[in-house]
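Reviewing the structure listed below.
The values are calculated or read from the model by the stated rules, or taken from the named source; none is laboratory data. Given the structure is predicted, the values throughout are model-derived calculations rather than measurements. Positions of Cβ are backbone-derived with ideal geometry, glycine not excepted, and every protein chain shown enters the neighbour counts.
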Amino acid sequence: MSISQAIEKLEAHYSHQYEFIQAVKEVALTIQPLYDAHPEYEEFKVFERLVEPDRIFNFRINWENDKGEVQVNRGWRVQFCNALGPYKGGLRFHPTVNQSVLKFLGFEQIFKNALTGLPIGGGKGGSDFDPKGKSDSEVRRFCYAFMRELYHYINKDMDVPAGDIGVGGREVSYMFAMYKNLTRESTGVITGKGVGFGGSLMRTEATGYGAVYFLENMLKAQDEAIEGKTVLVSGAGNVSLHAAEKCIALGAKVITVSDSQGTLHDKNGFDKPKLDWLKTQKAANKPLADYVTKFGSGKWLAGQKPWQFKADIAIPSATQNEVNEEEAKQLVDNGVKYIVEGANMPLTADAVDYVRDYRVHYAPGKAANAGGVAVSALEMSQNSVRQYKTFEQVDERLKVIMKDIHDSAAGASEQYGQTDNGYIDYMAGANMVGFKRVADALVAFGILN
Ligand code: GLU
């Protein structure tokens, strides 16, 4: 069965899983040259196997809110593929979470994790629980209840969750506590733990910093540097604020951040103290808009996105499909030459086509935001040997990993004839490198897995 036949079959089965089909097609459209060079992939039906998760667990979570009312939510864990190591991937708590979203994220995670070069498979999970407006006690009760179900399906050597949207250090701590309570084991079953009880230094910064390290490599490939460049960042979560922080530290000017309510624009750029204030403000769930009165600078644009400003670089780091074709056009018109995906699949398929047509250097999330999961894998290995690395050691390792991802994607783009006159096809390159590592393992295993 060819890739296109496998896609047809998949669409017939899962036409309602829009995000999942989008993610699969993106990979499918770019790996044909690799597939043609490896007839064994067709023989072993590698693509057809990889688009169906190993298994999905679906469960109900009952918990009690502060008024003593019973609340019911849905939870999932998608164990997508463990060819390269234990299932690995975050947990997302957001009202938009459903099977399609988790399957798209889990599918992406297989190749992202393969790209890190570390021994981790792909998985994802989460719940339609909405953390917004919930008290700390409510979040705690929900996390306990969620882990009471999830713990049946995970284990440090089999499936290792982490955070994602709506799941940060606080939630990871609550879930880890319940896992320890139920199993009486203290193992690295979840990553993103607090430093001091099994967490790795730099895990919090890793996704955002890693994306900027990837960007530095892209710029270098075009004989450019980050210093003096103007950057648009979307989102105001962990990835966004750490990407902004690293850009600023390297001498770039970051002029936007955003959230679901709107965009904060400061034409002079945020400096480190202002960024630190934004971090505290967000951590306390307070409005970004307060920045304007606090510092007497910048503008709050209610209900707007950050793509309307002139810039050199965009780092969309909020959520999937946040940039549509119209907004991609805005970016191109505003002079943006580099797009680095801090979030998972923040550009719609049409937006990706558009920016690539205009030769914007484009780094897909599975390559650019792999730094987070890479440091999670380093956390796993530190947990296993029960010895911990310094911030500088992890940072150095992260830089090397991001450079390797960049170079291997660029190398595959060149090798399979996708590089055009200096324009590197990072999307094709990353998909081919990630796919090849997983596919070779599947072929070696025969028809198991
Ligand atoms: N949720 C993050 C991602 O999308 C991190 C996953 C992890 O650390 O396991 O890659």
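Quick notes on this structure:
- Comparison of 370, 374 shows that the only residue that is of a type outside the set (Ser, Thr, Tyr) and over 16 Å from residue 340 (Cα atoms) is 374.
- Residue check, residue 408 within 25 Å of residue 105 (Cα to Cα), more than 16 Å from the ligand (Cβ to nearest atom) and of a type in the set (S, T, N, Q): yes
- Here residue 223 meets each of (1) part of a loop (DSSP other than H, G, I, E, B); (2) in contact with a helix residue (DSSP H, G or I) (Cβ under 7 Å, 6 or more places away or on another chain) with one exception, condition (2).
- Any hit, the stretch 258-273, residues being surrounded by fewer than 24 Cβ atoms within 10 Å (Cβ to Cβ) and among the hydrophobic types (A, V, I, L, M, F, W, C): no
- Per-region count, the stretch 346-379, residues within 16 Å of the ligand (Cβ to nearest atom) and either within 21 Å of residue 221 (Cβ to Cβ) or among the small types (Gly, Ala, Ser) (or both): 14
- Filter result for residue 256 (touching a helix residue (DSSP H, G or I) at 6+ places or on another chain (Cβ under 7 Å) and either in a helix (DSSP H, G or I) or of a type in the set (A, V, I, L, M, F, W, C) (or both)): no
- Odd one out for residue 367 among (1) under 22 Å from residue 109 (Cβ atoms); (2) free of Cβ contacts under 8 Å to residues at least 60 places away in the same chain: (2)
- Members of the stretch 355-403 that are among the hydrophobic types (A, V, I, L, M, F, W, C), more than 20 Å from residue 423 (Cβ to Cβ) and under 21 Å from the mean Cα position of the chain (by Cα): 370, 373, 374, 375, 377, 378, 380, 394, 398, 400, 401, 402
- Residue within the stretch 184-192 that is away from the ligand (no atom under 13 Å from the Cβ), closer than 30 Å to residue 396 by Cα and touching a Leu at 6+ places or on another chain (Cβ under 7 Å) present: no
- Residue selected from the stretch 125-161 under the condition within 16 Å of the ligand (Cβ to nearest atom) and among the small types (Gly, Ala, Ser), by the criterion nearest to residue 55 (Cα to Cα): 125
- Test result for residue 325, over 15 Å from the mean Cα position of the chain (by Cα) and within 16 Å of the ligand (Cβ to nearest atom): no
- Residue within the stretch 168-186 that is farther than 28 Å from residue 19 by Cα and touching a Ser or Thr at 6+ places or on another chain (Cβ under 8 Å) present: yes
- Selection status of residue 97, free of Cβ contacts under 8 Å to residues at least 40 places away in the same chain and either within 25 Å of residue 349 (Cα to Cα) or not β-branched (Val, Ile, Thr) (or both): yes
- Among residues of the stretch 162-183 being within 12 Å of the ligand (Cβ to nearest atom) and either part of a loop (DSSP other than H, G, I, E, B) or hydrophobic (A, V, I, L, M, F, W, C) (or both), the one that is farthest from residue 101 (Cα to Cα) is 172.
- Summed over the stretch 269-287, the residues that are over 14 Å from residue 235 (Cα atoms), among the hydrophobic types (A, V, I, L, M, F, W, C) and either modelled with pLDDT under 95 or in contact with a Lys or Arg (Cβ under 8 Å, 6 or more places away or on another chain) (or both) give a count of 2.
- Cβ-Cβ contacts under 9 Å between residues 6 or more apart (or on different chains), taken from a first residue in the stretch 125-151 that is more than 22 Å from residue 88 (Cα to Cα) to a second residue that is β-branched (Val, Ile, Thr) and surrounded by fewer than 21 Cβ atoms within 10 Å (Cβ to Cβ), are listed as 131/139.
- The stretch 203-236, residues that are within 15 Å of the ligand (Cβ to nearest atom) and either without any contact (Cβ under 8 Å) to a residue 40 or more places away in the chain or over 16 Å from the mean Cα position of the chain (by Cα) (or both): 204
- Qualifying position, being closer than 19 Å to residue 210 by Cα and buried (at least 19 other Cβ atoms within 10 Å of the Cβ), among 428, 409: 409
- Residues satisfying the stated conditions in the stretch 295-329, i.e. touching a Lys or Arg at 6+ places or on another chain (Cβ under 9 Å), surrounded by fewer than 19 Cβ atoms within 10 Å (Cβ to Cβ) and part of a helix (DSSP H, G or I): 295
- Counting only strands (runs of 3 or more DSSP E) that fall entirely inside the stretch 1-108 and contain at least 1 residues that are in contact with a helix residue (DSSP H, G or I) (Cβ under 9 Å, 6 or more places away or on another chain), acidic (Asp, Glu) and within 27 Å of residue 140 (Cβ to Cβ), the qualifying elements are 55-64.
- In the condition set (1) crowded, with 24+ Cβ neighbours inside 10 Å; (2) of a type outside the set (Gly, Ala, Ser); (3) under 22 Å from residue 304 (Cα atoms), residue 247 is compliant with all but (3).
- Screening 90, 106, 85, 122 for residues that are at positive phi, within 12 Å of the ligand (Cβ to nearest atom) and either touching a residue at least 24 places away in the same chain (Cβ under 8 Å) or surrounded by 17 or more Cβ atoms within 10 Å (Cβ to Cβ) (or both) leaves exactly one candidate, 85.
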